[in-house]
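Taking it in order: structure first as structure tokens, then the write-up.
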């Protein structure tokens, strides 16, 4: 039986007291925005490195708490816990048996291993997962982890394994549910958009807590809710929990302090900063319920109406930002109707929102030619679809 006091000291020395390598996962194309967010946190910006699909950074454990709480464009935060080379199963088993799993798992804590492998001699991912499971269980039998606090069993630990050219990288998922799950919505929509993508579009459209946002095709309200959080300085992770809270190295006092600092900055604007509308009254009603539930009613003005008849908010004395995620795909049958729709949208924007900043999703890049003003395009993938993000000023 392992000495809990000695094990706790090892955890403090090796996990809590050291810098670690973290990887903030993003949608391809959003890496620079995520890097800027990380640079705004109290981290050393010289230690941020953009890679395909995310940002690598060196930080302390509590910095990962802050990243999960504050990052709007990251999908999850991984903490790298080990690297080694193994070209066959004998080498792999040897490395796994020697790995100190007791530093990362409580006694009897379930775990889930997810493996990707490419350009390696070990390519059978199911067999790799089996070796991991056997080695972890054997190690924890010989050297048990700390007893889990409380009476409820701890949730499963997510272990991400990436093998490239026979080199294994082991990471722990510190987020749990993807970070786009803000803990705000229980309803969906006919064209759902992830909150991380919505946050990126708001940034590219120049929206800040001091400006005005028009969301005239709000649907399920992803843009509206995200903008209301920004306008109120509410961190995107304020309403949810994270996987790191079930780690043996978790420090509740440090987490409480971070939330206290963030909570002191929250300020819900007394007048609306976000103006949203949709032609579907049921969608508007569902969104109103979500806004009321989190006490953000002062920041948002909702109405039922059609994009082609709505006018900009009368409170907007200067141009603001407008965001659009028009219907596309199966809901529009032909290319002609799609091109006609975007031409009509462009004309309406030109007539009603001159001088405003725009961020809009296009199902095809060439559809930007239907707009009567210049835009910059950025390709991205969402829900298995290849889409284009168009941004620019309506002029």
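The values are calculated or read from the model by the stated rules, or taken from the named source; none is laboratory data. Note that this is a predicted model, so its numbers are computed, not measured. We place every Cβ from the backbone using ideal geometry, glycine too, and count neighbours over all the protein chains shown.
Within the stretch 371-389, the set of residues being within 14 Å of residue 345 (Cα to Cα) and out of contact with any strand residue (DSSP E or B) (no Cβ under 9 Å at 6 or more places or on another chain) comprises just one member, 372. Would you mind stating whether residue 154 is crowded, with 18+ Cβ neighbours inside 10 Å, in the same structural domain as residue 34 (by TED's automatic domain parsing) and modelled with pLDDT under 95? Spelling it out, residue 154 is indeed crowded, with 18+ Cβ neighbours inside 10 Å, in the same structural domain as residue 34 (by TED's automatic domain parsing) and modelled with pLDDT under 95.
Residues that are surrounded by fewer than 19 Cβ atoms within 10 Å (Cβ to Cβ), at least 2 per element: which helices (runs of 4 or more DSSP H) completely within the stretch 214-311 meet that?
So the answer is 252-265, 281-293.
Restricting the stretch 1-30 to residues that are loosely packed, with under 11 Cβ neighbours inside 10 Å and under 21 Å from residue 148 (Cα atoms) leaves a set whose member that is modelled with the lowest pLDDT is 1. In the stretch 134-148, the residues that are free of Cβ contacts under 8 Å to residues at least 40 places away in the same chain form Cβ pairs under 8 Å with partners that are in a loop (DSSP other than H, G, I, E, B) and surrounded by 13 or more Cβ atoms within 10 Å (Cβ to Cβ), at six or more places apart or across chains, as follows: 140/105; 140/107.
What number of residues in the stretch 341-365 are under 28 Å from the mean Cα position of the chain (by Cα) and surrounded by fewer than 19 Cβ atoms within 10 Å (Cβ to Cβ)? Walk me through it before giving the result.
Just the residues of the stretch 341-365 that are under 28 Å from the mean Cα position of the chain (by Cα), to begin with: 356-365.
When the remaining residues are screened for being surrounded by fewer than 19 Cβ atoms within 10 Å (Cβ to Cβ), the result is 363-365.
The number of residues fulfilling the criteria is 3.
Residues in the stretch 19-51 that are free of Cβ contacts under 8 Å to residues at least 24 places away in the same chain, in a loop (DSSP other than H, G, I, E, B) and in contact with a helix residue (DSSP H, G or I) (Cβ under 9 Å, 6 or more places away or on another chain): 43 alone.
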